[in-house]
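Please read the structure below before turning to the comments.
The values are calculated or read from the model by the stated rules, or taken from the named source; none is laboratory data. What you are looking at is a predicted structure, and each value in this text was computed from that prediction instead of being measured. When we count neighbours, we look across all protein chains shown, and the Cβ atoms used for this are built from the backbone with ideal geometry, even at glycine. These accessible areas exclude ligands, DNA and RNA; they are computed on the full protein's heavy atoms, side chains included. Shrake-Rupley method; radii C 1.70, N 1.55, O 1.52, S 1.80 Å.
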Amino acid sequence: TLLRNGITIANDVDDFQVAYFIDADGDGRVSNDDEYEGSALAASEYDAQNTDHSDLREIRFNLSVRSRTPDPTFTEGFMQAVENRAAVGVADGFRRRTYTATVRPRNVGFRGEQTGS
């Protein structure tokens, strides 16, 4: 169950992951894996307290949901690998879907590389 302030937002949620594109080199592109903090490719985990959020350019959300009950005839169901979470290799019979959305906040100061005037 996905909760907010103790109120159920969604049932049957398997996982919810968030990754942040912090543009460390100021070029407006994900030019190395470390710039997408919270993903499996980043060298370090996202540390909110020690991150310069003025360089935030994108936020990626991943929501994995599963069927309410397992399907005894489905032999391929296992927890999905999303962002920095590894897949669980044991099939449990649940059917799953993962939804991903990438958001570029409109109030960021940098919109990409500048091209002449």
query = Which condition does Ala19 not pass, out of (1) over 11 Å from the mean Cα position of the chain (by Cα); (2) small (Gly, Ala, Ser); (3) open to solvent by less than 30 Å² (accessible area, probe 1.4 Å), if it passes all the others?
reply = (1)
task = Using the structure shown, decide if Phe74 is aromatic (Phe, Trp, Tyr), free of Cβ contacts under 8 Å to residues at least 60 places away in the same chain and open to solvent by 80 Å² or more (accessible area, probe 1.4 Å).
result = no
ask   = From the list Gln49, Gln114, which one is farther than 23 Å from Leu3 by Cα, at pLDDT 75 or above and open to solvent by 70 Å² or more (accessible area, probe 1.4 Å)?
value = Gln49
task = Go through (1) more than 18 Å from Thr102 (Cα to Cα); (2) in contact (Cβ under 8 Å) with a residue 24 or more places away in the chain and name the single condition Tyr20 misses.
result = (1)
Selection from the range 52-70 of residues that are free of Cβ contacts under 8 Å to residues at least 40 places away in the same chain and exposed (fewer than 12 other Cβ atoms within 10 Å of the Cβ) = Asp52, His53, Thr69
Given (1) open to solvent by 50 Å² or more (accessible area, probe 1.4 Å); (2) modelled with pLDDT under 85; (3) of a type outside the set (Ser, Thr, Tyr); (4) on the phi > 0 side of the Ramachandran plot, number of the condition Gly26 does not satisfy = (1)
task = Consider Val88 carefully, then state whether it is open to solvent by 30 Å² or more (accessible area, probe 1.4 Å), among the hydrophobic types (A, V, I, L, M, F, W, C), farther than 26 Å from Leu3 by Cα and touching a Phe, Trp or Tyr at 6+ places or on another chain (Cβ under 6 Å).
result = no
query = Can you name the residue in the range 1-16 that is in contact with a strand residue (DSSP E or B) (Cβ under 9 Å, 6 or more places away or on another chain) and in a loop (DSSP other than H, G, I, E, B) and is also surrounded by the most Cβ atoms within 10 Å (Cβ to Cβ) among such residues?
reply = Asp12
